[in-house]
2 protein chains.
Amino acid sequence: LQASEHAFDHVLQAIATDSDPWAIVDFSDQPFNFTAEVIKLLEREGFLQFQERGVVLTEKGRALLRERGISPKKLLQCKTCGGSGVDFEQFRDAYEQYKEIAQYRPKPLDEFDQGVLTPEAAFRRLALMIQQGDVENKRLAILGDDDLMSIALALTGLPTEIITFELDERYVRYIEKISQDRRLPIRVIPLDLRDRLPEGLVGSCDTFLTDPPENFFGLMLFVERGLGCLKPGEGKAGYFGVTLTEASLPKWYKVERSLLENYAIVFTHIAYEFSDYENWDFLLDTIRTDIPVFRNQPSKAWYRSTFFRVETLADFAPTNDSFKRGDIYMDEERLVYSRKKGKG
Amino acid sequence: LQASEHAFDHVLQAIATDSDPWAIVDFSDQPFNFTAEVIKLLEREGFLQFQERGVVLTEKGRALLRERGISPKKLLQCKTCGGSGVDFEQFRDAYEQYKEIAQYRPKPLDEFDQGVLTPEAAFRRLALMIQQGDVENKRLAILGDDDLMSIALALTGLPTEIITFELDERYVRYIEKISQDRRLPIRVIPLDLRDRLPEGLVGSCDTFLTDPPENFFGLMLFVERGLGCLKPGEGKAGYFGVTLTEASLPKWYKVERSLLENYAIVFTHIAYEFSDYENWDFLLDTIRTDIPVFRNQPSKAWYRSTFFRVETLADFAPTNDSFKRGDIYMDEERLVYSRKKGKG
């Protein structure tokens, strides 16, 4: 276990806050595999006990908390908006339609690193984007759309056009079908984002949105493809989600610095843990199996991402090149522990 | 008028959203002097008219909006939390005490670039900091404290100690008096932040908070003094507020990039327009006087700042050096137009 007192204390605090192992992963703000390793170690050393669905501190564990001055996390999120700060009530009609449509979408697959936003989380992203003026009368690019954000956005009637790049044929067909049935201004383009964008679409959009894979190359690749879609010059916007469960702060740092050094863009929003995800079926088949409490499906949302917004500056110029090649899915911070047991 | 279609459209949209000139400055998300210049130009060219307290688009102005595809800004902030995402109800007692104390504070002066948070805004900052685990059992540094955040934070009973650096003797005395009367763990240190920190305090704190002046050198100086207060290694936090009214996005870019390139820190939060400020008496004495609608005192809060949080990484080491010397208050984006008419 790589020693980091600070990260260790974060996990201890999460354990002091909740007994549900998935809530502990959520509150710890550390990569899953690190949190799991700390829990395993604490159990082995007698600081906590595994119970049927949770973990409980022993007397020795409670003494450790006192010794390290750790108290439960203070939860101060606004309950009305789930801490998002936005209100999408104005788009209630679109929301109801979206919920219905989202229910019948193809099931997320590990193969494509899929995992979808809750409908509320999807509409909170949409509200933030609309409020920033990045949707109305704009041409949008969505890169990877298992969240069906193209449909959510189109249902508001605000965007001029939405270009959706998607690798999974099931989603290509589903979005196309919904879009045709409801006459939504969506163009779905089947594309593996490791390949270059169709030249005609480089520099053609006002706004992009993506939920990238979270190893460094995957993250950079998706965001850079997004930037490739944006028109040159200032005032265009890019949105992307990044978790702490699969991306540590040193990785965030690398991404932030690389983007600022390579592009004329500025960070305007880092909306911390803005987005909640639905639980997914293949979770327990893909994570490590050595810790009993992680063999039960979570009972509520625990996987969250922070929502980043970048805005282009006057010198911005889109490009169809990408940062660097490499595997875009795996690294040691990934939730998926072994692909052997997964569906991929 | 330096041409920027994008910034120009932002001002047009703000005018389409509200007739109150101060609300227009707020919604435009551009430096005050730019917004004022656009309003002046639009009036001269017949796109809008000045009325007693507001501006109204003419038919020619409305045609311009249609032509440029501009519609009013969609306001989607959560009303419960004012868009902040946090709820400070748990600290209601501290809040009531703080409101009382804040009411009798010395009046903000232009000389020290003072301008204070509303009590609600102060407690929203406090709630975010507490929720992130940066207050309880921590040693905090406050750099410049006309917001009396040292008192707000101490009243919660959570911090171990608060070190407050303050230049204005009136505030030094006021904070010391309150702190003695109520036995709060606050140490006030009179200091011009252009001078170095007392050596014994370098690297001594877990968290810093500052609301810096907003020219580039002032911003960097205050944040760097804050970083100088933090203990070495990972997991320490810094908070600072930056507006769009006195700092353009190109300046944000320069600050973000300089910080990432010079320090082992990562941006974890950029809470957009998180903080509202009280109106202040000297406003009309210090801004440009050539535009009639800006000769009336604003009737509600319009000046807002975005709240940044940085977190240190393992390699972080505090330093008592600062980035560069220079005037820390003035630049062309500053609200204060001429110091001749101001009090400074």
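In table form, for the structure just shown:
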item: Peptide B:132-144 - average C-beta neighbours from other chains (10 Å radius); result: 2
item: Mean projected area (nm²) of the alpha-carbon convex hull when segment B:158-209 is viewed from all directions; result: 4.0
item: Of every Cα-Cα pair in segment A:227-301, the percent that sits beyond 19 Å; result: 55
item: A/B buried area, accessible surface, summed, 1.4 Å probe, Å²; result: 4400
item: Relative contact order (percent, whole number), chain B, Cα cutoff 8 Å, 6+ residue spacing; result: 19
item: The protein assembly as shown - charge dipole about Cα centre, Lys and Arg +1 at Cβ, Asp and Glu -1, debye rounded to 20; result: 320
item: Neighbouring partner chain Cβ atoms per residue of A:82-88, average, 10 Å criterion; result: 6
item: Equivalent ellipsoid, segment B:134-182 (semi-axes from 5 times Cα gyration tensor eigenvalues, Å); result: 18, 12, 8
item: Surface accessible to a 1.4 Å probe, per residue, for the residues of the protein assembly as shown, Å²; result: 39
item: The protein assembly as shown - mean residue ellipticity at 222 nm from DSSP helices (-39,500 (n - 2.57) per run, n ≥ 4, rounded to 500); result: -10500 deg cm²/dmol
item: Segment A:113-233 - Debye-derived log10 I(q)/I(0), Cα point model, q = 0.16 Å⁻¹; result: -0.72
item: Label point 7 Å beyond Cα along the C-beta direction, distances from A:Lys99 to other copies (nm, shortest first); result: 3.6
item: Computed Kirkwood radius, in angstrom, where 1/r is averaged over Cα pairs of segment A:1-158; result: 18.6
item: Radius of gyration and maximum dimension Dmax of the protein assembly as shown, Cα, Å; result: 25.3, 78
item: Residue pairs, from the table A:Lys254/B:Lys251; B:Lys79/B:Lys99; A:Lys79/B:Lys177; A:Lys300/B:Lys99, whose Cα atoms sit over 32 Å apart; result: A:Lys79/B:Lys177; A:Lys300/B:Lys99
item: Choice from B:Gly233, B:Gly200, B:Gly54 with maximal GNM fluctuation in chain B (Cα, 10 Å cutoff); result: B:Gly200
item: Sparse-neighbourhood loop sites, GluC sites (Glu not before Pro) in segment A:6-89 - DSSP loop, at most 15 other Cβ within 10 angstrom; result: A:Glu45, A:Glu52
item: All Cα pairs of segment A:1-71, percent lying beyond 13 Å; result: 60
item: Positive dipole terminus of segment B:181-256, leading residue within B:Gly226, B:Asn215, B:Trp252 (C-beta point charges); result: B:Gly226
item: Separation between Cα centres of segment B:138-161 and segment A:97-118, rounded to whole Å; result: 45
item: Inter-chain Cβ neighbour average for residues A:302-308, partner chain, 10 Å; result: 1
item: Label spacing, shortest first and in nm, from B:Thr58 to its equivalents in the remaining copies (7 angstrom along Cα→Cβ); result: 8.3
item: Charge-dipole axis of chain A as Lys and Arg at +1 and Asp and Glu at -1 on Cβ define it, positive-most pick from A:Tyr277, A:Ala317, A:Ala127; result: A:Tyr277
item: Amide proton proximity set for B:Ile189, modelled H, under 5 Å, gap of 5+; result: B:Thr164, B:Phe165, B:Glu166
item: Other copies of A:Thr319: label-to-label distances in nm, shortest first, labels 7 Å along the beta-carbon direction; result: 2.9
item: Of every Cα-Cα pair in segment A:100-172, the percent that sits beyond 15 Å; result: 53
item: For chain A, built as a Gaussian network whose Cα springs stay under 10 Å, the top-fluctuating residue of A:Cys78, A:Cys229, A:Cys205; result: A:Cys78
item: Residues whose placed amide H lies under 5 Å from that of B:Glu273, excluding near-sequence neighbours; result: B:Thr306, B:Phe307
item: Neighbour cut-off at most 15 other Cβ (10 Å), DSSP loop, chymotrypsin sites (Phe, Trp or Tyr not before Pro), segment B:68-118; result: B:Tyr104
item: Residue-wise HN-Hα coupling along segment B:214-223, computed from phi with Karplus coefficients 6.51, -1.76, 1.60 (Hz; x: Gly, Pro); result: 10, 7, 4, 5, x, 4, 4, 4, 5, 5
item: 5 angstrom amide H check on A:Val116, placed H, neighbours 5+ away; result: A:Glu278
item: Phi to ³J(HN,Hα) by Karplus 6.51 cos²θ - 1.76 cosθ + 1.60 over segment A:104-114, Hz, x for Gly, Pro; result: 9, 5, x, 5, x, 10, 4, 3, 9, 6, 7
item: Portion, in percent, of the accessible area of chain B that falls on carbon or sulfur, probe 1.4 Å; result: 47
item: Shielded residues, segment A:237-281 - accessible-area loss of 30 Å² or more between chain alone and all protein chains, probe 1.4 Å; result: A:Leu249, A:Tyr253, A:Glu256, A:Arg257, A:Leu260, A:Glu261, A:Val266, A:Phe267, A:Thr268, A:His269, A:Ile270, A:Tyr272
item: Semi-axis lengths, Å, chain A, gyration tensor of Cα atoms, sqrt of 5 times eigenvalues; result: 36, 21, 20
item: Interface residues in segment A:47-80 - accessible area drops by 50 Å² or more relative to the isolated chain, probe 1.4 Å; result: A:Lys74, A:Leu76, A:Cys78
item: Segment A:199-333 - charge dipole about Cα centre, Lys and Arg +1 at Cβ, Asp and Glu -1, debye rounded to 20; result: 120
item: Charge dipole (debye, nearest 20) of chain B; +1 at Cβ of Lys and Arg, -1 at Cβ of Asp and Glu; result: 300
item: Of A:Ile163, A:Ile15, A:Ile101, the one that fluctuates the most in a GNM where chain A has Cα springs shorter than 10 Å; result: A:Ile101
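The values are calculated or read from the model by the stated rules, or taken from the named source; none is laboratory data. These figures come from a predicted structure and were not determined experimentally. Quick reminder, even Gly has a Cβ in these numbers, built from the backbone with ideal geometry, and neighbours come from all protein chains shown. We work out accessible area using only protein heavy atoms, side chains counted, and drop any ligands, DNA or RNA first. Shrake-Rupley method; radii C 1.70, N 1.55, O 1.52, S 1.80 Å.
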